[in-house]
Each structure stands twice: as structure tokens, then as C-alpha cells.
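This report concerns only the one structure given below.
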């Protein structure tokens, strides 16, 4: 089967052959009601802060929590393994170039320390901050079938239990079998700098990543194995597992030796992923910036997928990242300046009853703001205003 025919066939399977007739009928009815969806205020969705936005030396510190509170942010998402790596004895940087996604000790690392989680929770509770979710490492996805991979799955399941033990019901993870790719920069407004990606003309000559070649079928085998082992534990402990797909999506197969699971279509990949284990605990840390990076017409292609996921309760958290450009060529910009109109997305989340966090992501840096704290403060305010406007829209229509 040709690559670009795969997505069409997949949608047919997801919509019919693999689902009971009653489920198909229900979904068709639901789709038919799309034009009549009711608009309703939603006071549960909120702006949340991610692990990489830090004022001061430590993410879990009064200084950083106060920064978030000043911005009106009352929910945050620590990365326990990254915090442990930065606060413990000095360690050599990861040799693989994965940054925060794979611990310096390698893919087998990544166990949460329950006592450390309790200390994080207690400090946040004392300052009026809620831990919404934990970020998990990406070690599993680079591991071939082996006893070591089985032990990694056991570790993930234990992390789920530890998260619930401190009252946290969300774990996010990033399926990146090669490091996230950016290969340029361009000037932005106010002397800021926009990170960019443009597919290299000679991409076939790029070296294979440090964890070797990975075929499309092997990638999906790893995903399916993970979900079949982990989601039942998520269900038992009522912890949502939120997948953040590879960034950027839609890379040609064989890029750095990997046939990414979200290529050629990130939109088909989301639906296939969601249906492997048809359970609301199996969902997404949906990054609309990543969706835009995989789009040829963002405002036409993205809202239907958001609606499809929202109807099924599969959106556990949202990254509101903005870009110029699209598939295989883009620049990351400020949230008020991207190709995707955020307001219809907020409206879908509002009307679906989404109760999770909406997080700004990858804002530009500038000479006067190297840590991006000004940029994120602007983004927090912008997203809070969008939520307020969406709810005000409903209030005005109710009063009319």
C-alpha cells in the first residue's frame, strides 16, 4: 500500500470495521449533531505552567511558584526526573542530545521518587499551587523488545501508582525516537528570535540517530505494546496518560533513520493512536503548534481533529504554541501571531467541557529576556484572555 493511501484506509478502519455496529451508529449520530452543538460556559478549563518555564534556580521553589501566581497561573506540571537531575550531584550531560527527554543515565532511568513527589506536593499546597500533572521521560520509545524494555514498562506503571499516591491524575510523555528538530532562526518582532525548521534538501544524508534505525511498523509496535501494558494501570488508578507526538510531524520516512509514527499524516496518526486502546485514559497532550507544523491549511485541518478528540474525552492537556508556515517549514512565534486562529479551538474546548490545563509553549526569546519569562507572562495573559472571551461570548448570548 502506498504511504499516502494508508491514511484513507486507516480512517475507514477506525470508523467502521474495528468498532461494534452500535458504536459506529453512535459516532455517526454524534457527527450529524455537530452543527447543533450547544455553547456553554466552562469555568474548569484553565491556564497551566509547564516544567521548562522556571524563574530562579528551581522549578519547585517559592520564587518560581510566585512567578506563576503573579501571572494568574495556579496549576503547574513538574518533571520529577529532570528536577532530581538538576538538584542532585553534578552529572555529565546526556550524550545523545535528547535534552530533557532522556535522563543522563540513559533510557532505563526515569523512576519517580515518591518522597520527592510528596515534598513537591506539600510545598505547592502551602503556597496555593496545584500540581496538575507530571512529565515522564521518553526512554521507552527508543528501546527494542528486551527484558530491559519490560522493566521500563514496570517502572512506568510504578510511576503511575506514585502519581496517584500524591493526588496527581495526569502524566504526559513525548514519543521522540530522534531528538526534536530545529535547524535555524530568524529575526522576530522587538529584536526577538524565532526558532525555525526547514526540511533539508539533503535530509537523506543526515546521520542515523544514536538509537539506530526504526521502521514505521516497529514504531507502532512499540506504541501498541506500551498502551496495552500501561493504560489498564492508568484505568485502575485513574491517571490519564497524555501523549505529545513527535515534533515536527510529517518528516519523510527515513529521516535520521526513523519512520516516524506521525508521518505522512499527523491527523491520521492521532486517530489511530486513540483507538489502539479505546479508553479515555489514553489521550493526548495536544499541541496545536505541532498540529500546525504538520498542516497545509491549519484553520481547515486542525479544528475537526480537535472536535473529534474532544468528543471522546481524549484531550487531557493542551499546548497552545503558535507558528508561521506549516508542513516542513515553520517558525515559532508569539501566541497572537500564528497561522492558526486559537479562538475556535478554545470554543471547542469550552463546549466539550474540557477541564484541563492550556499551556503556552515555545515562546520566542530576546536579548532582554533570555529565560523567556517575559514571553511566557505575555502568553499566560493572552490565553487567560481567550478563555475569558470565550465564556463571555456565551454569557452575552444567554443574556440576549
When you scan region 277-291, do you find a residue that is in contact with a helix residue (DSSP H, G or I) (Cβ under 7 Å, 6 or more places away or on another chain), within 26 Å of residue 208 (Cα to Cα) and outside any helix (DSSP H, G or I), even just one? no
Among residues of region 341-375, those that are under 25 Å from residue 325 (Cβ atoms) and within 17 Å of the chain's Cα centre (by Cα), counted: 10
If residue 299 satisfies all but one of (1) in contact (Cβ under 8 Å) with a residue 40 or more places away in the chain; (2) outside any helix (DSSP H, G or I), what's the number of the condition it fails? (2)
Considering only region 88-127, state which residues are modelled with pLDDT under 85 and within 25 Å of residue 377 (Cβ to Cβ). 99, 100
Which of the strands (runs of 3 or more DSSP E) contained wholly in region 132-216 include at least 1 residues that are surrounded by 17 or more Cβ atoms within 10 Å (Cβ to Cβ)? 170-174, 193-198
Of the conditions (1) within 30 Å of residue 201 (Cβ to Cβ); (2) buried (at least 18 other Cβ atoms within 10 Å of the Cβ), residue 377 clears all except one; give me its number. (1)
Conditions: (1) free of Cβ contacts under 8 Å to residues at least 60 places away in the same chain; (2) part of a helix (DSSP H, G or I). Residue 120 meets all but one. Number of the miss? (1)
Counted residues in region 358-370 being touching a strand residue (DSSP E or B) at 6+ places or on another chain (Cβ under 8 Å) and surrounded by fewer than 21 Cβ atoms within 10 Å (Cβ to Cβ) come to 2
Among what's in region 261-296 and is touching a residue at least 60 places away in the same chain (Cβ under 8 Å) and more than 19 Å from residue 223 (Cα to Cα), pick the residue that is farthest from the chain's Cα centre (by Cα). 293
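Any chance region 236-256 includes a residue that's part of a helix (DSSP H, G or I) and touching a residue at least 12 places away in the same chain (Cβ under 8 Å)? Give the derivation first.
Taking region 236-256 first, the residues part of a helix (DSSP H, G or I) are 236-237.
Then keep just the ones that are touching a residue at least 12 places away in the same chain (Cβ under 8 Å); that gives 237.
Looking through region 236-256, at least one residue is part of a helix (DSSP H, G or I) and touching a residue at least 12 places away in the same chain (Cβ under 8 Å).
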Here the qualifying pairs (Cβ atoms under 6 Å; residues six or more apart or on different chains; first in region 375-395 and without any contact (Cβ under 8 Å) to a residue 60 or more places away in the chain; second surrounded by fewer than 21 Cβ atoms within 10 Å (Cβ to Cβ) and not in a helix (DSSP H, G or I)) come out as 382/336
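The values are calculated or read from the model by the stated rules, or taken from the named source; none is laboratory data. Note that the structure is a prediction, hence the values are computed from the model and not measured. Glycine gets a Cβ as well: all are built from the backbone with ideal geometry, and neighbour counts include every protein chain shown.
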